[in-house]
Each structure stands twice: as C-alpha cells, then as structure tokens.
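S.K.: Handing you this structure, nothing more for now.
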Amino acid sequence: MELGKSPLFERVERARRRKPRVKDEFITLAHGSGGRAMHDLVEGLFLDYFRNPLLEALEDQAVFEIAGGARAPRIAFTTDSYVVTPLFFPGGDIGRLAVCGTVNDLAMSGARPLYLSAGFIIEEGFAVADLKRILQSMRDAAEEVGAQIVTGDTKVVQRGGADKLFINTSGVGLIEHDARISAANARPGDKIILSGAMGDHGTTILVARGDLDLETEIASDVAPLWPLVEAMLGATTEIHSLRDPTRGGVATALNEIAHNSNVCFQLDEECLPAREEVKGACEILGLDPLYMANEGKLIAIAPAESADLLVARMREHPSGREARIIGEARAEPPGIVVMNTSFGGTRIVDMLVGEQLPRIC
Amino acid sequence: MKYLDEYRNGEIAKRLAGEIARLSARIGDPPLNLMEVCGGHTHTIFKYGIEDLLPPNIQMIHGPGCPVCVIPLGRVDDALAIAKREGVIFTTFGDMMRVPGSKTSLLQAKAEGADVRMVYSPLDALKLAKGNPDRDVVFLALGFETTAPSTALTVMAAAKEEVDNFSVFCNHIMIVPALKALLDSPDLKLDGFVGPGHVSAVIGARVYEFASREYGKPLVVSGFEPLDVLQSVAMIMKQIVEGRAEVEIQYSRFVSRDGNANALAAICEIFEARDYFEWRGLGSIAHSGLKIKKAYGRFDAELRFAVPGLRIADPKACQCGEILKGVKKPWECKVFGTACTPETPIGSCMVSSEGACAAYYNFGRLSKIAERSAAAPAVG
C-alpha cells in the first residue's frame, strides 16, 4: 500500500485541507491559543475581510519594498499584543516579552529590527513602580538589538476594563541581504534546525500562575533572536525558512511551515531537546513540550549543504548553544509532520487543537 | 527523567517486540484481537507508535475506558443547565470542557458568560467554594474508581468543614460492570484484555477474575509506560499460547490483588451504586454508576439544582458505540475526519486525547512511514 493511499490518511488530509471556516457563534479561548482554532479564525475571518497579497502570505511579518527599482531595500513590518499573566515571571516580564516578540517576528524574515511602537492599555490602579520596572525591561531589550521605541500610545481603562496591563508593539526592520526567507520556502531534503530546548517559556508561565502548586527552577527563555539570526546570515544566506515557535510550540510552527511549503517534516524524537524540569512538569500535567510556547528559540529550515555550518555558527552564539538538527524535510506526504518515536514507532505530530488541556487519568 | 525513561527504552522495546513476534508466529491466523480497556493505554499506544512494533496478526482494539468519552449527551446538557444558573461557579477537569452536549459545550457556555473554570483536583473546587461563600460552587466529578476516592475525600472534607455552598455533580462510573456488559455483547470478538492500571490500584486485580473464569479471556493489568504495554501484550500472548486464561498483574509496582483499602473505604463512605447509568455508545448498564449517598445529599448537585435529566440519543451519524466495542475501527465511521474532527467533535471519542478517534486523528498510524524511515538515514 502506497503511503498516502490509506483510507484513514486520505480522510484526515481532506478534513485538514478544508477551507477554514468560523462556525462558532462566540469567540472562545481556543481561538487565541495558537492552534487550529486560531488558524481557522485568521484564515476564515480576518483574511476574508482584509485580503491582499501581502497578508495572504500569512507570515509572521509583511515584507515589502517602498521605492521601486531592482535594488530597492526590503522592509519588514509586524505587530503583536501582549496580555501575559502574571506580568512578572522568572526570566522576564511583559515588557521584555513585548519587545522581544516583535523583534523576533521581524528577525524571522531576516530583517534587522530598527524602530518599534509601543501601545499601553493600563487598568486604573496599576502601580507606577511596576510600570517603571516594565519600561526598564523594554528599554534593555530594545538596546540588546539596537532598536528604538520611537512612537507610542497610552490608554487607561476603568478597573475591570482590562487585566492590569496590556501592551501592543509594532516594529519595522530592514532586510539587508538577498535571502528570501519564508515559511513557504522549505524544500525536500532540507534539514530542520532547532536553536535550543523546547517549552521553557510556556512551562514557566504555567508554573508562575501558581494554581498548580508546583515549584521548579525553570525560567522563561524570552530573548531577542536578531543577534543569533545576524550571526547565522553572516555564515550563509542559504536559509529557506525561519520561525520562532511561540504559542502552540515547535509542533505548531513546523505544521505551519510544512503546510505552506507543501513538504513533509520528519522529526526524530531522540533529537528533540527539552530540559528535565520542563519534561517533568509536562509529564505531571499531561502536556507535551512539543506544544509548549518558546520566546527565545527559533526553527531554521536550511539545505543539507549549509545545515552543519549553520549549526556550528549558532552554537558559537549564546542564544544558540544547544542548536541541533532535529529532522529533515521530505516530499511525501506533503503538509504533515511525522515523528519517529524513540521507542521505535511512528506518529503524526498535528497542530494543537484548542487549549492544551491536561488529561485527567 | 529518572524512573520514567527506563520504561521508554527503545532497546528493551525491540527485545520485547521480538518475543511478541515469536509468540505470534505460534498463533498464526486468524489475527488476535486484544482490547486495551483504558484510555490512558490508548494514548500511550499512539504516542509511542506501539502498533508499529506489533506483528500484523495482533490487533489492538481501543476500549471504553476513557471516562470523558462515555459520558452521554444528556449528562452534558444537565451540566450545562447547572453551569448557566445565576451565581454558580462550575468547575471540572480540562478534558470535559470541550465535550459537546446536544447543543453546546462547557467551553462555549463559558464564552457566552457562564462562570466555568478548569480545576486540577476536586480540592481546588472546594477551595474556590471557601473563597466565594456567596456563590454556589459545583464540581463535575467524573472518572472510574481512579478519581472517585479524591471526590469522596473532598466531600468528606466539605462535610467536616461545613462548606454549604459546595456540591458535586457526580458522574463516576465503575469498570467491572462495563467490562461485563462488553463481554456479554453479542457482536464482540475479543481474545484478551490489557487491563486498566490506575483503576486497579484502587480496586485490585481480583475483581477481574470473572473475565478469565466465566468468559475464558486472559487479562493482564498493565502500567502506562510503553514498555508496560508491550510487556502486557507479551504476557497475554504467552497465556494464549500456553492455553491459559488468567488475571495477571504486569503493573505490580502499583497494583495488588486486593487494591487500596483506604481508597475503597472512602468510596463506600460517600457513594452507592445507581440502579442504571447511561454510557455513551454502550447504552444503559445496570449498577455501573455511582451516586452520592443520602447522608451526604446536601452535597449532591442533582438534588440541589433541578436538572433536566433527559436521555438524549447519540447523533445518528456517530458510531462511537461500535468503536468503543471494537466492532468498528475509527476510520470506518462515516463522519470520521470529515464532519467529526477534534475541532468540531460530534462523538465524544473525538474529544479527549484518550478517545480512540482523536488518537487516530492526532497520532494517526501510517504503517508505511515506519518502513520508509527505517530505510532512510538517521537524522541529527
């Protein structure tokens, strides 16, 4: 039996390829979790209303040229909102997250981040001392990549109108090389590189919320990725795709690239890095580090010829010390991610559906 | 992870798979149908790709041991009716949030304004009740005898501390009546059971002896790590090859013949058997559900709130029943993967990650991939 001809496979693939539609009457938390429901909301609703060629690419940033001409500089533009609870967590805070998240979305197109905006929605009664700490974090994070926060906005809402503090940042960056980095550019034979251990941020936040009575030493990995990307581009511009696996984790990011590039990713479970504390916390909660959020890691898809060079260069950089190849791209079956388990079996690694809910027994 | 990685060792798996292959060669045709009763085992089988390690004449049938999967539509509607009441904080385990009732799910009710919260333990719900004395806090309890003791202990704590605004919507079920009902079902073709693990830590392994004695089926109580499951399969096959039908315990690090006396005492203190309880797909099974005893009636949400209590037929297209009995494979259901997906589940087998359909959908087993990857060079 040919792979892809199995009745199960065909049925599931047909459903997966179905045009996304939003059938729900109300928005649920699942629509914001970075998984399938959000994917459907974005493609089935936002894209329907705002459709244009730049948005249709559904990258983490839009890339365009301002002036005409063959050598016109390419600009990357992106925006993101931050609503994390708690505002302060081991390894960072909402301010550092707000700068790094937007910087990273720019960096994933290979753009040097230049200018950022910052919008604040503040709940009445918020402590100014806390705000100062957050602003300091934002300044520090921006300085790490040489970006500047050049415009902003502030709104204060009544108590209960927002949960303490929400931040929106937008960013503009400049692409200074010829590489066309896109989630649609992965090719069969490419290697999948992951810059470090999975799930630190997601696990940290889950534990920091305090309702699990777990104590761990895990800290968020929140960090700007541009310095790492700059070092990688210095080694080679032979990079096909870059993604920072935030909500929905490595599994969801790889599914998006596999889908957009029409390739199959084959992962090797034994090569997937996660800290013992993260694995332990996930084990207890019935979660999977593959689906846990990261805020300072990247996935690079690169041709086999340049992969080893890239990994070597990444390992020289503080943000990429644990970089490694975790799998490779194949032609068949397109659009899916499969994993060879360390146990000797195989399974499909699908996108996250809804919230990653703990199992009960 | 220490104490876990040992049970996930690929080398030992190969050796066990070899032993299973040798045993299966002595069995030949027709294929053996082995049912793993527990949803936790189904999850393990898919997560680690265990079926890839089994010879073609061993087929795993995914049984009804996922409590979320067997909760009937009517009970979900009852839960929704309570959750939507003014002043109620409705709490439950995460998996239960997405289970569809006849119209909506708890997750949708939450989006529409009901105060529905996910908890990790019934004690969290009790804590909520103590912190919100002006609200009615209801805990939707579900699960087999595995989770019933913690619900029982929570009700005992609520009684002791006189937390009057706390109650339990009880959907606890019992594994032995369900197994009996399965074994009595005429269209069932099973040769042996991978027996439930966590439940057996509470109720012990002795209670399954009817399966071997009266029905001649071997049953091996199994742990949840992949090596546990493989070893249990090997133990069942050894019994079949040797012409035995016995109850054996592979999961001996937790399970004894007699179970946990303290946990059983807690269950008996708080609960009694219902005359009948409805199981999704399997229908009404006598003495298979637990309800709160009269002495603790003030903590019974069914007595405190008027619930519709309607019996609602499963959607016609849904074949959860055949799938839970192992008569049909998930993909043989007409709506599998088309109308019924994990995002828009019709049947509850598609909701929980332990449900057979969701497991197939999410972890789908593509036998040919294993062959291809074996032929391909290792990565990394």
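S.K.: Report the percentage of all Cα-Cα pairs in segment B:320-362 whose separation exceeds 14 Å, rounded to a whole percent.
M.R.: 31
S.K.: In debye, nearest 20: dipole of chain A around its Cα centre with unit charges on the Cβ of K, R (+) and D, E (-)?
M.R.: Computed charge dipole of chain A: roughly 740 debye.
S.K.: Distance between the C-alpha centers of segment B:108-181 and segment A:99-142? Whole Å please.
M.R.: Computed from Cα coordinates, the inter-centre distance equals 41 Å.
S.K.: Something else about it: What does the structure give for B:106-114 when I average, per residue, the other chain Cβ atoms found within 10 Å of the residue Cβ?
M.R.: Counting other chains' Cβ atoms within 10 Å and averaging over B:106-114 gives 3.
S.K.: Moving on. Once phi is turned into ³J(HN,Hα) by the Karplus curve 6.51 cos²θ - 1.76 cosθ + 1.60 with θ = phi - 60°, what whole-Hz value does each residue of segment B:167-183 show in order, with x for glycine and proline?
M.R.: 8, 10, 8, 8, 10, 5, 10, 10, 7, 5, x, 5, 4, 4, 4, 4, 5
S.K.: To continue, here is another question. Which residue, A:Phe88, B:Ile270, B:Thr151, has the largest displacement toward the positive end of the dipole of the protein assembly as shown when charges sit on each Cβ (Lys, Arg +1; Asp, Glu -1)?
M.R.: Farthest towards the positive pole: B:Ile270.
S.K.: Connecting C-alpha atoms closer than 10 Å in a GNM of chain A, tell me which of A:Glu295, A:Glu144, A:Glu217 has the biggest fluctuation.
M.R.: Among A:Glu295, A:Glu144, A:Glu217, the largest GNM mean-square fluctuation belongs to A:Glu217.
S.K.: Picking from B:Thr344, B:Val327, B:Gly355, whose Cα lies most toward the positive end of the charge dipole for segment B:320-362 (charges on Cβ: Lys, Arg +1; Asp, Glu -1)?
M.R.: Toward the positive end, the furthest listed residue is B:Val327.
S.K.: Semi-axes of segment B:6-86's equivalent ellipsoid from the Cα gyration tensor, sqrt of 5 times each eigenvalue, largest first, rounded to whole Å?
M.R.: With the √(5λ) rule applied to segment B:6-86, the semi-axes are 38, 16, 7 Å.
S.K.: Another question about this same structure. Can you put B:Ser167, B:Ser185 in order of Cβ neighbours within 10 angstrom, beginning with the fewest?
M.R.: In order of increasing Cβ crowding within 10 Å: B:Ser185, B:Ser167.
S.K.: Here's something else I'd like to know. Angle check, please: helix B:73-83 long axis (alpha carbons) against the longest principal axis of chain B (alpha carbons), in degrees 0 to 90, nearest 10.
M.R.: Here the helix axis deviates by roughly 40 degrees.
S.K.: Something else: Please compute the Cα-Cα pair-distance distribution of segment A:191-348 with 5 Å bins starting at 0, giving whole percents from short to long.
M.R.: 2, 9, 19, 22, 20, 15, 9, 3, 1, 0
S.K.: Rounded to whole Å, give me the distance from the Cα center of segment A:195-219 to that of segment A:18-97.
M.R.: Spelled out, the Cα-based centre of one part sits 25 Å from the other.
S.K.: Summing +1 for each Lys or Arg and -1 for each Asp or Glu, what net charge is found among the other residues whose Cβ lies under 14 Å from the Cβ of B:Ile89?
M.R.: Local charge sum for B:Ile89: +3.
S.K.: Still on this structure: Roughly how big is chain B's charge dipole about its Cα centre, with Cβ charges of +1 (Lys, Arg) and -1 (Asp, Glu), in debye to the nearest 20?
M.R.: Computed about the Cα centre, the dipole is about 340 debye.
S.K.: Is the shape of the protein assembly as shown best called rounded, prolate or oblate, per the rule: a/c under 1.5 gives rounded, else a/b larger than b/c gives prolate, else oblate, with a ≥ b ≥ c the square roots of the Cα gyration tensor eigenvalues?
M.R.: Cα axes put the protein assembly as shown in the oblate bin.
S.K.: Kindly identify chain A as rounded, prolate or oblate by the Cα gyration tensor criterion: order the square roots of the eigenvalues as a ≥ b ≥ c, call it rounded if a/c is under 1.5, otherwise compare a/b with b/c, prolate if a/b is larger, else oblate.
M.R.: Here chain A falls in the rounded category.
S.K.: Let me ask something else. So what's the gap between the Cα centers of segment B:16-46 and segment A:315-347, to the nearest angstrom?
M.R.: 29
S.K.: Projected onto the charge dipole of the protein assembly as shown (+1 at Lys/Arg Cβ, -1 at Asp/Glu Cβ, origin at the Cα centre), which of B:Thr92, A:Gly280, B:Ala25 gives the Cα projection farthest towards the positive end?
M.R.: The Cα lying farthest towards the positive end belongs to B:Ala25.
S.K.: Considering the convex hull of the alpha carbon atoms of chain B, report its projected area averaged over all viewing directions, in nm², one decimal.
M.R.: Result: a mean projected hull area of 20.2 nm².
S.K.: Another question, then. Pick out, in residue order, every one of the trypsin sites (Lys or Arg not before Pro) in segment B:319-355 that is DSSP loop and has at most 10 other C-beta atoms within 10 Å; say none if there are none.
M.R.: Hits after loop and neighbour filter: nothing returned.
S.K.: Follow-up question, since we're still on this one. Using only atoms on other chains, find how many Cβ atoms lie within 10 Å of each Cβ of peptide B:96-102 and report the average.
M.R.: 2
S.K.: Under the definition of partner shielding as Cβ atoms of other protein chains within 10 Å of a residue Cβ, what is the mean value for peptide A:332-343?
M.R.: Other-chain Cβ atoms within 10 Å of each residue's Cβ, averaged: 6.
S.K.: Okay, moving on. Only Lys, Arg, Asp and Glu count, each charged at its Cβ (+1, +1, -1, -1), so figure out the dipole size of segment B:173-281 about its Cα centre, rounded to 20 debye.
M.R.: The calculated dipole for segment B:173-281 is roughly 180 debye.
S.K.: In chain A, which whole DSSP H runs stretch at least 20 Å along their own axis (Cα) and average -0.5 or higher on the Kyte-Doolittle scale?
M.R.: Answer set is A:128-145.
Every read-out reported here was derived from the displayed coordinates using simple, explicitly stated rules and does not represent laboratory data. Bear in mind that the values here come from a model prediction, so they are computed numbers and not experimental data. Heads up, the Cβs are rebuilt from the backbone with ideal geometry, glycines too, and the neighbour counts pull from every protein chain shown.
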